[in-house]
Amino acid sequence: MIEIKNVSKNFPGKNKAINELNLTIPDGKIVGFLGPNGAGKSTTIKMMTGILPIDKGSITLNGYNIEKNALEAKKIFGYVPDQPDMFLRLKGIEYLNFIGDIFEIPKEIRQERIETLTKQFNIYNALDDYIQTYSHGMRQKIIVTGVLIHDPDIWILDEPLTGLDPKSAYMLKEMMREHADKGNTVFFSSHGLEVVEQLCDEVAIINKGELIFHGNKQEIREQFQSDQSLEELFLELTSDE
Amino acid sequence: MSKTWVVMKTMLKMQYSKAGKSNSQIWLYVIAGLFFVPLLFFYIGIINNLVEALYNVLQPLGQDSLILGLLFLGIHMLLFLISFITVLSAFYFAEDIESFIPFPLHSYQVLLGKAANPFLYLYLTASAVFLPAFFFYGAISGANILYYLYGIIMFVLLPIIPFTIAAILLMLVMRFVNIAKNKDRSKVIAGIFSLAFIILINVLVRLNTNSGDLINNLAVFVQEKDGLLRMITSYYPPAFFSTMGLTEASSFSGFLFLLAVIVISAAAFFLFIWLGQLLYLKGVLGIGAGNKRKSSQKKIKKQIAARPVWLSYMLKELRIIFRTPTFFMQCVVQSLFGPVFLLIILMLDSGDLTGFMNMFSKKESMLILFIATSVLVGSNAASISSISREGKSWPANLFLPLDPKQIFFSKIAAAWSLNLIVIALVLAICVFLFQLPMDMILIWLILILITSWLSSILGTYLDLLQPKLNWTDEQEVFKTRFIGLIALIIQVGIFGVLVLILWNIDAIQGLYTSSFVLFIVIVIATFVMSKLLSKKIKQNEHQHI
């Protein structure tokens, strides 16, 4: 479970990026995080993962405070950033090994998971190449594999499906479903509303640093008493008027 | 031409972009400036004295043109060396070139855009080296207005010829080398080859200067006016024409010499553009691409191994340094270039060096050796780029379950282990060339290994204060940052003073006592530096960058 309590974030010289955000992401659910560009999605995710310091409030992951118990908290989540351009001079296999060492995964388990996952994602044959030579989608896949090999309870995924081919996107969605069904937490941001519509149990919508809606798809319709598509509702909620 | 201008402006803007720089960075410039001002006065004073002394000796012999000849020859040589390094990095190592290739631009337009930054460096160097001596010579020889006018024109033209020579040589090398499959590796090989080429030229020049012949020739050349100038510039006409243009400025022949310089520079410029159009893009295309091959299951399985986190992290650091041409050149090759260059010069000049150190007492030898090697380990670029090298990968250090202390320890260990290469080289020199006694070598080794750790902490600490993560091209990690200089000044400043004190205090005698004092100071400094770094880490400073 992820608990975000009264979280605010300021960047010097700019309006409040996040203002008094309260959000609870329960176990066993896939929660989609929506909002227009610049709404504060990435800032929130960066605070959840310890990349950005929190100005006010607190974030806990399965009870561990991301600032006070940083190491414990970081051990239980896996994070896929929106830009997969990391460690480009390492080979795919070296990157996965590095992640394996950090999460102290025993050699045998590591070997088995790397083989299974990379074969499923169809990147096994590229493991001995430098990540620099990978396409955007392949880079995304290697980062996702890095997250999956340590089998974390909580998945935090920033635009995870961008750049994936249909087969890999389908597979990842299936994996997300399976993971949530096992009682784990899956939190992901997306621009693709149809993905959110088909995959999510709950939706959180943020605009200008404030949470403007959190609930399941049923609740969204009840609240707005309409049978509009999620896209239309999203446009209505985040419009400036 | 307007497109060329736009490309130049954009490339310069990208290099000197203020993006990601905070106002507090200004203090770094202020400190650098404070160190710089007294040095500047000192430097100008030395140049003035040198020009005056040389003029007073050479003028009665009718050989005063030698001063300008040496100046032109020296500055062309210096600009050539700088061009070599800057052209290599700007034209071939910088990967921003890929953003320009899809635009409808001629090769020469991209090339001129790329040349803008190296030219800035060249003008900066030329103003520091050429201008003071030029003005002092003008003043002392009572030159007229034409001397200054011609001089300014020549100053503007100054970088063109050495730059063209370096650029053409490199374009030829890269056109050839880049055919190889692994682009990164070819870039590194070309880089090393180019530096080796500079050393080779130096060796050839030195081997050709036979001191016996030199004295005979000298006697002949001294007889005629400007004879010495002719002698030293006989292999390199641009220096001769430039000098004659200035010394004969008041007569028509001076004008003709100036014209010759203008014609040669213009020819060099067009040759550069023509050859660039022909060779450049062909050499640069495909840079950044790697070779793809099918991985074998056996090979992949073999590579899966569990290691302790600190080792895994350190290996990651070293892999990235060795595989990124810019990092490899800056952190490995350039730190070796100094000692190798020095070694070759020493060997050529004196042949046998056994006993060279016998001129000094054991204490003095140790102090010399220590300060020289601490300059070498202090100037290694690995530590001062510890954090900045990460660029866009930096957030991974924050979201992965890594103890910040662990991260910094591994980064320092990586910088330290790179210094081992330089230390091993110096060790070999001490054992085989200087044949120093074993006890002295052992003591030096202990001292320098700790000093290397200290300088790795210092560099990492300074980088943490003002890291540059928002780079689009690895070059930016090292360019336009004074951090390396500041680290070196701090380290060499402190140890320089300490060594001077130890050298002059008679109360501290002998190898063991003086080394022990050094040891204590280094250990204390290392302890203080680690505490400072730990404090920064505890304040979560690494999260705010």
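Rule-based calculations on the coordinates, nothing more; no lab input. Not measured: the values here are computed from a predicted model. Note that we place each Cβ from the backbone using ideal geometry, even for glycine, and neighbour counts take in every protein chain shown.
When restricted to Cα atoms, segment B:309-543 yields an Rg and a Dmax of 18.6, 57 Å, respectively.
In terms of packing, defined here as the mean over residues of other Cβ atoms within 10 angstrom, the peptides B:148-157, A:74-83 line up highest first as A:74-83, B:148-157.
If the chain linking A:Glu112 and A:Thr24 were pulled fully straight, counting 0.36 nm for each residue of separation and taking away their Cα-Cα distance, it would gain 28.2 nm.
Over all other residues within a Cβ to Cβ distance under 10 Å of B:Tyr137, the charged ones net out to -2, with Lys and Arg as +1 and Asp and Glu as -1.
Ranked by the mean number of other Cβ atoms within 10 Å of their residues, highest first, the peptides B:521-533, A:204-216, A:148-160 come out as A:148-160, A:204-216, B:521-533.
Here is how the number arises for chain B: DSSP H runs of 4 or more residues each give -39500 (n - 2.57), the sum is divided by the residue count, and the result at 222 nm is -25000 deg cm²/dmol. Residues whose amide H lies under 5 Å from that of A:Ile212, counting only those 5 or more places away or on a different chain, are A:Ile205, A:Ile206, A:Asn207; hydrogens are built 1.01 Å from N in the peptide plane.
Counting only other chain Cβ atoms within 10 Å of each residue's Cβ, the peptide A:52-63 averages 1. Checking the Cα-Cα distances for A:Lys74/A:Lys208; A:Lys46/B:Lys535; A:Lys182/B:Lys392 against a 30 Å cut-off, the pairs over it are A:Lys182/B:Lys392. Measuring between alpha carbons in the structure, the pairs from A:Lys119/B:Lys302; B:Lys362/B:Lys531; B:Lys468/B:Lys536; A:Lys119/B:Lys405 lying more than 24 angstrom apart are B:Lys362/B:Lys531; A:Lys119/B:Lys405. One compactness figure for segment A:1-129 is 1.25, namely its Cα radius of gyration divided by 2.2 N^0.38 Å. A simple spin-label model places the labels of A:Asn10 and B:Lys535 2.6 nm from each other, with each point 7 Å out along Cα-to-Cβ. Distance between the modelled labels on B:Val431 and A:Asn216, one decimal in nanometres: 7.4 nm (7 Å Cα→Cβ projection). For segment B:513-542 versus segment B:440-482, the inter-centroid distance based on Cα atoms is 14 Å. Within chain B, the whole DSSP H helices whose Cα atoms reach 30 Å or more along their own axis and whose mean Kyte-Doolittle score is at least -1.0 are B:26-58, B:65-87, B:107-140, B:183-208, B:252-284, B:404-428, B:438-465, B:483-504, B:510-538.
Spatial offset of segment A:14-64 relative to segment A:168-190 amounts to 19 Å, using the alpha carbon center of each. Taking the DSSP beta bridges with both ends in the protein assembly as shown, the antiparallel portion is around 55 percent. For q = 0.10, 0.13 Å⁻¹, what log10 I(q)/I(0) does chain B give under the Debye formula with an equal point scatterer on each alpha carbon and no solvent? Values returned for q = 0.10, 0.13 Å⁻¹ are -1.01, -1.52. Note that segment B:1-160 carries a Kirkwood radius of 18.6 Å, evaluated over its alpha carbons pair by pair.
Summarising the amide proton neighbourhood of A:Ile18: residues at separation of 5 or more, or on other chains, whose placed amide H is nearer than 5 Å comprise A:Lys9.
When you look at the Cβ of every residue in A:116-124, what mean number of other chain Cβ atoms sits within 10 Å?
On the way: counts 0, 0, 2, 0, 0, 0, 0, 1, 4.
Mean number of neighbouring Cβ atoms from other chains: 1.
Simple spin-label estimate for B:Ser250 and B:Asn56 gives 2.3 nm between the two label positions (7 Å along the Cα-to-Cβ direction from each Cα).
Do the alpha carbons of any pairs in A:Lys91/B:Lys298; A:Lys16/A:Lys141; A:Lys16/A:Lys56; A:Lys91/B:Lys538; B:Lys299/B:Lys411 sit beyond 23 Å of each other, and which pairs?
Details: A:Lys91/B:Lys298 16 Å; A:Lys16/A:Lys141 34 Å; A:Lys16/A:Lys56 12 Å; A:Lys91/B:Lys538 33 Å; B:Lys299/B:Lys411 28 Å.
In this structure, A:Lys16/A:Lys141; A:Lys91/B:Lys538; B:Lys299/B:Lys411 exceed 23 Å between Cα atoms.
Note on the protein assembly as shown: Cα-only Rg and Dmax are 31.3, 107 Å.
For the residues of A:129-138, the average number of beta carbons from a partner chain within 10 Å of their own beta carbon is 3. Here is the size of chain A from its Cα atoms: Rg then Dmax, 18.1, 57 Å. Charge dipole of chain B (Cα centre as origin; +1 on each Lys and Arg Cβ, -1 on each Asp and Glu Cβ, all else neutral): 2940 debye, rounded to the nearest 20. Residue separation of B:Tyr512 and B:Ala306 scaled by 0.36 nm, minus their Cα-Cα distance, works out to 69.8 nm of gained length. Residue ranges B:34-44, A:111-121, A:35-45 sort as A:35-45, A:111-121, B:34-44 when ordered by packing (mean number of other C-beta atoms within 10 Å per residue, highest first).
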